[in-house]
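**Student:** Got a structure for you, written out below as structure tokens; questions coming shortly.
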Amino acid sequence: FAASSPDSRSDSDNGEYLAGVRRILNSQHKFDNFKRAPSYNRVLEHVSRDHGQDYLKILERRSDGLLQIAQKGVLIEDKIGNPRKFTYAGYPEPLSPTTLRYVKVASDLNMLFGSELGHTAEIGCGYGGQALVNDRLLNVKSALLFDLPDVNRLVNRYLNCFVLEGAALTTCLNYEMPRDYDLVVSNYAFSELPKAVQLSYLDKVLT
């Protein structure tokens, strides 16, 4: 679908989001600091310190061990894009509340489906943050990441800063035929899409 068409945009995008993504892609300095860009923060990387504290409390109450694994990996390695981080009591290093949310979602998935996620798809993947956390904390054989072409370029650039345990491939809805997945996830994005796009995702991906 046409990224420039208002009828195809998600509820969170007034056109400035994609323009901001293009600016990030065209400048190394902007990429190095993209998680702080105001136009980007309207859609992503806007989780508050207090919400980060809430996610921490939930993770601390669970006995799945994922918070401890994340503390040694994704939460400490979390430097690409210069995310906003905050100090939380009991934690020596500042932590990104957005990444804490991704860890909490990974913990939810583990609780609901177990750690062996197999072949997955993600609808609306931002810069690939959830995909990276899932790869680090769970057993994901492959992740097919659906978004718009310019967003996919940012996802590829971000994820290529890391070595993944599984495989990740970006794609667009118009490029894909229906196929089988073990799990499909969408962190808010599907609910924000226009109905026509939702129906196409239902036909091609979710069913």
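**Student:** Starting with the highest mean, order 93-100, 62-69, 17-24 by the number of other Cβ atoms within 10 Å, averaged over the residues of each peptide.
**Tutor:** The most tightly packed comes first, giving 93-100, 17-24, 62-69.
**Student:** Assign unit charges at the C-beta atoms only (+1 for Lys and Arg, -1 for Asp and Glu), then state the dipole size of segment 24-181 relative to its Cα centre in Debye, rounded to the nearest 20.
**Tutor:** The calculation lands at about 480 debye.
**Student:** So what is the 222 nm mean residue ellipticity for the chain from helices alone, if each DSSP H run of at least 4 adds -39500 (n - 2.57) and you divide by all residues, rounding to the nearest 500 deg cm²/dmol?
**Tutor:** Per the formula, -12000 deg cm²/dmol.
**Student:** Can you tell me the accessible area per residue over segment 87-167, all protein chains present, probe 1.4 angstrom, in square angstrom?
**Tutor:** Here the per-residue accessible area is 37 Å².
**Student:** Another question about this same structure. Please state the shape class of segment 1-152: rounded when a/c is under 1.5, otherwise prolate if a/b exceeds b/c and oblate if not, all from the C-alpha gyration tensor.
**Tutor:** Here segment 1-152 falls in the oblate category.
**Student:** Between residue 143 and residues 5 or more places away or on another chain, which pairs have amide H atoms under 5 Å apart, with H built 1.01 Å from N, and which residues are they?
**Tutor:** Residues meeting the criterion, in which the H sits 1.01 Å from N, are 120, 167, 168, 169.
**Student:** Near residue 79, which lysines are there with a Cα under 26 Å away, not counting those fewer than 8 places off in the same chain?
**Tutor:** Partners within reach: 30, 35, 57, 104, 141.
**Student:** Rounded if a/c is under 1.5, else prolate if a/b is larger than b/c, else oblate: which is segment 71-207, with a ≥ b ≥ c the root eigenvalues of its Cα gyration tensor?
**Tutor:** Cα axes put segment 71-207 in the prolate bin.
The values are calculated or read from the model by the stated rules, or taken from the named source; none is laboratory data. Quick caveat, the model's predicted, so the values are computed rather than measured. Cβ atoms come from the backbone with ideal geometry, glycine included; neighbour counts cover every protein chain shown. The area values use the complete protein model at the heavy-atom level, side chains included, leaving out ligands, DNA and RNA. Shrake-Rupley method; radii C 1.70, N 1.55, O 1.52, S 1.80 Å.
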